[in-house]
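To start, the structure under review is shown below, and the notes come after it.
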Amino acid sequence: MRLDDLTTNSGEWMRGSGPESDIVISSRVRMARNLADFPFISRTTVQDRERIESILHERVALIASENELLYLDLSKLEKVDRQLLVERHLISREHAEAQGARSVAIDGDEKFSLMINEEDHLRIQVMQSGLDLDGVWEQINRIDDLIEEKVTYAFHERLGYLTACPTNVGTGMRVSVMLHLPALVITRQIDKVFRSLQKISLAVRGLYGEGSQAMGDFYQISNQVTLGLTESELIRRVSDIVPMIIDYERQARDFLVKESHENLHDRVSRAYGILRTAQTISSEETMHLLSSVRMGVNLGLISDLNIPAINQLFIRTQPAHLQKLTGSDMDTSDRNIERARFLRRYLNKENGTGGAAEHN
């Protein structure tokens, strides 16, 4: 596998094949780990980071026999390539923008990635389609155990795993579920739901995690603290609340279908029409319109598109993906024109490139 293959491949989490995938885009677990013999990243020297990267690269290679891993030295990648990895949720924005020795290992299906020298020495991430936190936990626990057989983690008998951020101390684990909640946004119930989540120590973040905006009605729900809780308790805490949010979203969609069907149909049809005919369109507007179209597909208002196709459009219309697909650097204006061209070609089945048939 090569980096350029990511622009045309579809990662497992984008396939829309997991449980409750009409609303739950993906389930993800991240683990923060640090090597016992080195200070945290914020206190390391250039030489320390190079040594940490070398050690973990070597150890990761030892456990990679059953998986085809793409290993990338981020310090040597172009900015557009690093942004591509962020858009696919394989590395964080902070990892992409940092300096010095840092890298990432990615498996062929994009189910897991190993970030080296991010905020912590090692961030292990596993992500799957739909609501499957138990399956994600099983896989990340196995990967973590394999690595721990090769290195000594910073660990305290009473506190647990030691991490750069105090809120990660303990299990070092972040459990998150990415949800698509357009009906709760339209019916203006979303703030009430989020206030309820905050009362039980669950965080709500945007599409790209901490500090990001909620584009396209996508929201990440995750635990805020780990200290004093076991891995199973953290999984359970998120797993127990997500079905309630799913139920609220489905009730909101039912309400829109029954009480505001004409307005809903108009909203979805307008969104689909703009995406198929626009001559220039921003990334933000594309996300907003695709959100309405995705809901329309799930409610049976659009019959010639499927969820995996829309999930891919969310990713492939992002700035770095567009530039990689065209093979050229583009400013914002040119990207907006190219994005509109890409959407027209895909959604109108121009030039035999595939996509949706004409919508009646």
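Bear in mind these aren't lab numbers, they're just calculated from the coordinates by the rules spelled out. In this text the structure is predicted, and so the values were computed from the model without any measurement. Positions of Cβ are generated from backbone atoms using ideal geometry, with glycine treated the same way; all protein chains shown enter the neighbour counts.
Numbers for the structure displayed
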quantity	calculated
Positive-end extreme of charge dipole, the chain - chosen from 203, 147, 185 (charges on Cβ)	185
For the chain, built as a Gaussian network whose Cα springs stay under 10 Å, the top-fluctuating residue of 159, 275, 114	159
Distance in nm between pseudo-label sites at residue 158 and residue 250 (7 Å out along the Cβ direction from Cα)	4.7 nm
Selected from 206, 135, 327 as most flexible by GNM, with the chain as the system and alpha-carbon contacts under 10 Å	327
Mean shadow area of region 73-180 over all directions, Cα convex hull, nm²	7.9 nm²
Whole-number percent relative contact order across the chain, with pairs defined as alpha carbons under 8 Å at least 6 apart	19 percent
Check: region 3-253 dipole with +1 on Lys, Arg Cβ and -1 on Asp, Glu Cβ, in debye	960 debye
Computed helical MRE - 222 nm, the chain, DSSP H runs ≥ 4 contributing -39500 (n - 2.57), nearest 500	-14000 deg cm²/dmol
Cα→Cβ-extended label distance, 7 Å offset, between residue 79 and residue 51, nm	3.3 nm
With eigenvalues of the C-alpha gyration tensor scaled by 5 and rooted, region 218-322, Å	31, 21, 11
Choice from 139, 224, 99 showing the highest fluctuation, given a GNM over the chain with Cα pairs closer than 10 Å	99
Computed Rg/Rh of region 15-128, alpha carbon atoms with Kirkwood Rh	0.99
As computed over region 261-352, the Cα convex hull volume per residue (Å³)	87 Å³
GluC sites (Glu not before Pro) lying in DSSP loop within region 93-155, provided at most 12 other Cβ fall within 10 Å	149
Overall form of region 125-281 per C-alpha gyration tensor (a/c, 1.5; a/b vs b/c)	prolate
Local net charge near residue 56, Cβ-Cβ under 14 Å (Lys/Arg +1, Asp/Glu -1)	-4
For residue 102, residues with placed amide H under 5 Å, excluding near neighbours	74, 75
